[in-house]
Amino acid sequence: RVAWITGGATGIGLATARALGAAGWAVVLSGRRAEELRKAAASLAGAKGGTQPLDVSDATAVEKAAAAIVAEHGRIDALVASAGTNVPDRAWGKLRPEGFAKVAAINLNGVANCAIAALPAMRQAGAGTIVVVSSWAGWRYLPFAGAAYGASKMGLAPLVESLNYEESRNGIR
């Protein structure tokens, strides 16, 4: 089994990679920082897999990464969409349009980009799992999280529900 984990160099992504690697999965880590990915992959004691550095907000790069994973491993059984970001100037008094756009591009569009790229391999296999890491800010407004982060995380719920609704007939959850 092959798991593709975005945001895999740190935090929840890395913890997930360690757990799946220990369970015998091949684990492919993606993230923006190649050196951090290399260190993370080296920390996966005995786990097979590798790294695919990328910015999930770049749909073309995401498609190429998914194609490379399939070319090397023959499949993508699970996508763990754990990449996420926020900006320091998140309150309305300091928030800039480019900051809002960056957060939405990674936290929401990045999940969609990765799902779109992984779905063909999962459909071909007749099975797959997509795990989307969100936040409490995806359930309710949290002042410290900021508008961009909260809006992008709240947008993940209908994204996941639509995947379940449309792709369950293909064995994908």
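The values are calculated or read from the model by the stated rules, or taken from the named source; none is laboratory data. If you're wondering where the values come from, they're calculated on a predicted model, not measured in any experiment. Backbone-built Cβ (ideal geometry, glycine too); neighbour counts: all protein chains shown. Note: areas computed on protein heavy atoms with side chains; ligands, DNA, RNA excluded. Shrake-Rupley method; radii C 1.70, N 1.55, O 1.52, S 1.80 Å.
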Response to the item:
Screening GLY24, GLY8, GLY46 for residues that are small (Gly, Ala, Ser), open to solvent by 20 Å² or more (accessible area, probe 1.4 Å) and either touching a Cys at 6+ places or on another chain (Cβ under 7 Å) or touching a residue at least 24 places away in the same chain (Cβ under 8 Å) (or both) leaves only GLY46
Worksheet entry | Count of segment 105-152 residues which are part of a helix (DSSP H, G or I) and under 26 Å from ILE69 (Cβ atoms) | 22
Discussion item. I'd like the full set of residues that are under 18 Å from GLY13 (Cβ atoms) and buried (at least 20 other Cβ atoms within 10 Å of the Cβ), limited to segment 110-127.
Written reply: GLY110, VAL111, ASN113, CYS114, ALA115, ALA117, ALA118
Discussion item. Considering only residues that are of a type in the set (Ser, Thr, Tyr) and in contact with a helix residue (DSSP H, G or I) (Cβ under 6 Å, 6 or more places away or on another chain), which ones fall in segment 45-64?
Written reply: THR51, SER57
Worksheet item: Within the group LYS39, LYS48, LYS94, LYS102, which residue is within 26 Å of LEU163 (Cα to Cα) and not β-branched (Val, Ile, Thr)?
Response: LYS102
Worksheet item: If we scan segment 133-141, do we find a residue that is in contact with a helix residue (DSSP H, G or I) (Cβ under 7 Å, 6 or more places away or on another chain), within 29 Å of GLY24 (Cα to Cα) and free of Cβ contacts under 8 Å to residues at least 60 places away in the same chain?
Response: yes
Worksheet item: Would you pick out the residues in segment 49-68 that are of a type in the set (Ser, Thr, Tyr) and either in contact with a strand residue (DSSP E or B) (Cβ under 6 Å, 6 or more places away or on another chain) or without any contact (Cβ under 8 Å) to a residue 40 or more places away in the chain (or both)?
Response: THR51, THR60
